[in-house]
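Visitor: This is the structure, below, for whatever I ask next.
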Amino acid sequence: MKGVMKWFAAAALAALAGGGWFVWNRYFSERANPSEEIYKVRGVDLSAHNGDIDFERLKTEGVSFVYIKATEGTDFQDRNFQRNATGLKRAGIPGGAYHFFRFDTDGEMQGFNFLRALHGREFELPPAIDVEEWANADGPGTGKIMRELRVMLDVLRQGGYEPMIYTNKDGYERFVKGRLERVPLWICSFTDPPLDDGREWVLWQYSHRGEKEGIKGYVDLNAVNPADTVYMNPIIFGQNVAK
């Protein structure tokens, strides 16, 4: 989930072209910093690129939930999915799984691929579909992408799941706003508030550069919307996030 990598590249070019170190440093210093008093329930999301995770150590870091990458496209499964799913269960950390949506492949088959990974595993959190332009095909138009995405959503619903959409601000404007208003939203944003149009969201990914014991290198950081009292089932977090 590195949908802002294009932004990173643009910032780097600006720095080299004339903005210098000031521009580069300013971008990285202006990170969202959600209030811990308001956003009490925090979590991370992981994939194979994070390497082997020590979930017992991670549990001591105040991590209330973890999303792990399960699948991508029509036939790919993250190589650490099985290991991460088992590690979550053993550590007793509430978890969920996500699928990276490919723009250039069949939505129905992507849905089946995700369902195969979910089958037989009990996750406390609803599945998520990662929809973003970064690392995706440039060719398909928005109309085609939306048709295939809606098909995948239907496949998951028929399988007994109510999925949410993960995306960044660019993806929100292109794929979600005015199109998937009723689908729960997991938004990647480095501003506070994460969206300025009043759209409700469930999860906020506010950093790609978090650091946690049990994880080598940077990790994505997330917070639950304190207004959410139903979809993320706050009971599993052992606290009432509405307060």
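The values are calculated or read from the model by the stated rules, or taken from the named source; none is laboratory data. Please read these numbers as outputs of a predicted model, since none were measured by experiment. With ideal geometry, Cβ positions are generated from the backbone for all residues, glycine too; neighbour counts draw on all protein chains shown.
Visitor: Starting from segment 114-133, take each residue that is of a type in the set (D, E) and list its partners that are surrounded by fewer than 21 Cβ atoms within 10 Å (Cβ to Cβ) and part of a helix (DSSP H, G or I), counting only C-beta distances under 8 angstrom and pairs at least six apart or across chains.
Guide: Matching pairs, first to second residue: E124/I236; E132/D170; E133/K6; E133/D170; E133/R174.
Visitor: Across segment 29-59, which residue is modelled with the highest pLDDT among those that are part of a helix (DSSP H, G or I) and among the basic types (K, R)?
Guide: Narrowing segment 29-59 to residues part of a helix (DSSP H, G or I): 29, 48-50, 55-59.
Pick out the ones that are also among the basic types (K, R) and you get 57, 59.
Values: R57: 97, K59: 94.
Among them, the one singled out is R57.
Visitor: Can you tell me which residues in segment 45-81 are of a type outside the set (D, E, K, R) and farther than 25 Å from F103 by Cα?
Guide: First, pick out the residues of segment 45-81 that are of a type outside the set (D, E, K, R): 46-51, 53, 55, 58, 60, 62-68, 70-71, 73-74, 76-77, 80-81.
Within segment 45-81, G51, I53, F55, L58, T60, G62, V63, S64, F65, V66 qualify.
Visitor: Which of the residues belonging to segment 128-147 are of a type outside the set (D, E, K, R) and in contact with a Ser or Thr (Cβ under 8 Å, 6 or more places away or on another chain)?
Guide: V131
Visitor: Give me a count of the residues in segment 130-143 that are closer than 16 Å to E173 by Cα and either among the charged types (D, E, K, R) or buried (at least 18 other Cβ atoms within 10 Å of the Cβ) (or both).
Guide: Final tally of qualifying residues: 4.
Visitor: Tell me, please, whether a residue that is in a loop (DSSP other than H, G, I, E, B) and either aromatic (F, W, Y) or within 18 Å of the chain's Cα centre (by Cα) (or both) can be found in segment 81-88.
Guide: So in segment 81-88, the residues in a loop (DSSP other than H, G, I, E, B) come out as none.
Checking segment 81-88: not a single residue is in a loop (DSSP other than H, G, I, E, B) and either aromatic (F, W, Y) or within 18 Å of the chain's Cα centre (by Cα) (or both).
Visitor: Let me ask you something else. Given the structure, is R26 at pLDDT 50 or above, of a type in the set (K, R) and not in a loop (DSSP other than H, G, I, E, B)?
Guide: no
Visitor: Right, something else. Select from segment 213-235 the residues that are surrounded by fewer than 19 Cβ atoms within 10 Å (Cβ to Cβ) and in contact with a helix residue (DSSP H, G or I) (Cβ under 8 Å, 6 or more places away or on another chain) and write down the one among them that is farthest from I53 (Cα to Cα). So that I can check it myself, show each step before the final result.
Guide: Of all residues in segment 213-235, those surrounded by fewer than 19 Cβ atoms within 10 Å (Cβ to Cβ) come to 213, 216-218, 226-231, 233, 235.
With in contact with a helix residue (DSSP H, G or I) (Cβ under 8 Å, 6 or more places away or on another chain) added as a condition, the list becomes 213, 216-217, 228.
On the way: E213: 9, K216: 8, G217: 11, D228: 29 Å.
Per the criteria, the residue is D228.
Visitor: Go through segment 162-184 and count every residue that is of a type in the set (G, A, S) and closer than 22 Å to A135 by Cα.
Guide: Residues meeting the conditions: 1.
Visitor: Further question on the same structure: Considering L180, L195, L125, which residue is touching a Ser or Thr at 6+ places or on another chain (Cβ under 8 Å) and part of a loop (DSSP other than H, G, I, E, B)?
Guide: Working: L180 fails: touching a Ser or Thr at 6+ places or on another chain (Cβ under 8 Å); L125 fails: touching a Ser or Thr at 6+ places or on another chain (Cβ under 8 Å).
After applying the criteria, what remains is L195.
Visitor: Could you pull out the residue among E108, E72 that is buried (at least 17 other Cβ atoms within 10 Å of the Cβ), modelled with pLDDT of 95 or more and not hydroxyl-bearing (S, T, Y)?
Guide: Values: E108 fails: buried (at least 17 other Cβ atoms within 10 Å of the Cβ).
The conditions single out E72.
Visitor: Determine whether segment 151-167 contains at least one residue that is outside any loop (DSSP other than H, G, I, E, B), in contact with a Cys (Cβ under 8 Å, 6 or more places away or on another chain) and modelled with pLDDT of 95 or more.
Guide: For segment 151-167, residues outside any loop (DSSP other than H, G, I, E, B), in contact with a Cys (Cβ under 8 Å, 6 or more places away or on another chain) and modelled with pLDDT of 95 or more: present.
Visitor: Just one of the numbered conditions (1) farther than 20 Å from Y166 by Cα; (2) touching a residue at least 12 places away in the same chain (Cβ under 8 Å) is not true of T71; which one?
Guide: (1)
Visitor: Still on this model: Return only the number of the condition from (1) loosely packed, with under 12 Cβ neighbours inside 10 Å; (2) at pLDDT 95 or above that Y67 does not satisfy.
Guide: So Y67 meets the others, but not (1).
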